[in-house]
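One structure below.
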Amino acid sequence: QVQLVESGGGFVQPGESLSLSCKIFGNIFSINAMGWYRQDPGKQRELVGRFTPLGRIYYGGSAKGRATIHRDNAKSVLDLQMTNLQPEDAAVYYCRGLRDGVEYWGNGTLVTVSL
């Protein structure tokens with residue numbers, strides 16, 4: 001069984017940075033394509049960044065250039081650091097993994113960006 005639990009969301013002002021963390025419960029070495037996504041209410045879920053099959057990280061969407069993902073296998077966490085946050089970055093941020101063809105998602109953590 002795989003369980004993903006996000007944390008670190010909160011309120012930030014424009015221009016600030018934020019770190020999110022995804023705690024992975026289960027055999028982390030059996031989970032592939034781990035990544036971060038985000039979704040603003042009323043909009044489609046958007047890729048922030050994910051690991052490719054070759055172990056590189058692909059960053060997508062408007063967060064590209066401001067997002068950094070780091071996976072720590074020893075701690076079973078997947079971290080996301082975002083810099084220069086803007087109001088359009090406000091969303092629920094989700095952690096996602098894939099194992100044996102099954103997608104696993106966390107419940108998300110809310111990021112609010114406002115003055």
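The values are calculated or read from the model by the stated rules, or taken from the named source; none is laboratory data. Computed from a predicted structure; not experimentally measured. In this analysis, Cβ positions are derived from the backbone assuming ideal geometry, glycine residues included, and neighbour counts consider all displayed protein chains. The protein model used for the area step is the full one, side chains on, heavy atoms only, and it has no ligands, DNA or RNA in it. Shrake-Rupley method; radii C 1.70, N 1.55, O 1.52, S 1.80 Å.
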Restricting attention to the range 1-14, report how many residues are in contact with a Gly (Cβ under 7 Å, 6 or more places away or on another chain), surrounded by 14 or more Cβ atoms within 10 Å (Cβ to Cβ) and not in a loop (DSSP other than H, G, I, E, B).
3
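Restricting to the range 18-61, name every residue that is assigned to a strand (DSSP E or B), among the basic types (Lys, Arg) and closer than 21 Å to residue 75 by Cα.
Kept after step one, since they are assigned to a strand (DSSP E or B), are these residues of the range 18-61: 18-25, 32-39, 46-51, 57-59.
With among the basic types (Lys, Arg) added as a condition, the list becomes 23, 38, 50.
Residues satisfying the conditions are 23, 50.
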If I filter the range 74-88 down to residues being open to solvent by 20 Å² or more (accessible area, probe 1.4 Å) and part of a loop (DSSP other than H, G, I, E, B), which single residue comes out as farthest from residue 17 (Cα to Cα)?
74
Hits in the range 90-115 - residues which are farther than 15 Å from residue 7 by Cβ and in contact with a helix residue (DSSP H, G or I) (Cβ under 7 Å, 6 or more places away or on another chain):
99, 113, 114
Looking only at residues in the range 78-88 that are within 11 Å of the chain's Cα centre (by Cα) and not acidic (Asp, Glu), which one is nearest to residue 112 (Cα to Cα)?
82
Every residue from the range 15-64 that is in contact (Cβ under 8 Å) with a residue 24 or more places away in the chain, open to solvent by less than 50 Å² (accessible area, probe 1.4 Å) and within 17 Å of residue 83 (Cα to Cα)
15, 18, 20, 21, 36, 37, 38, 48, 49, 63
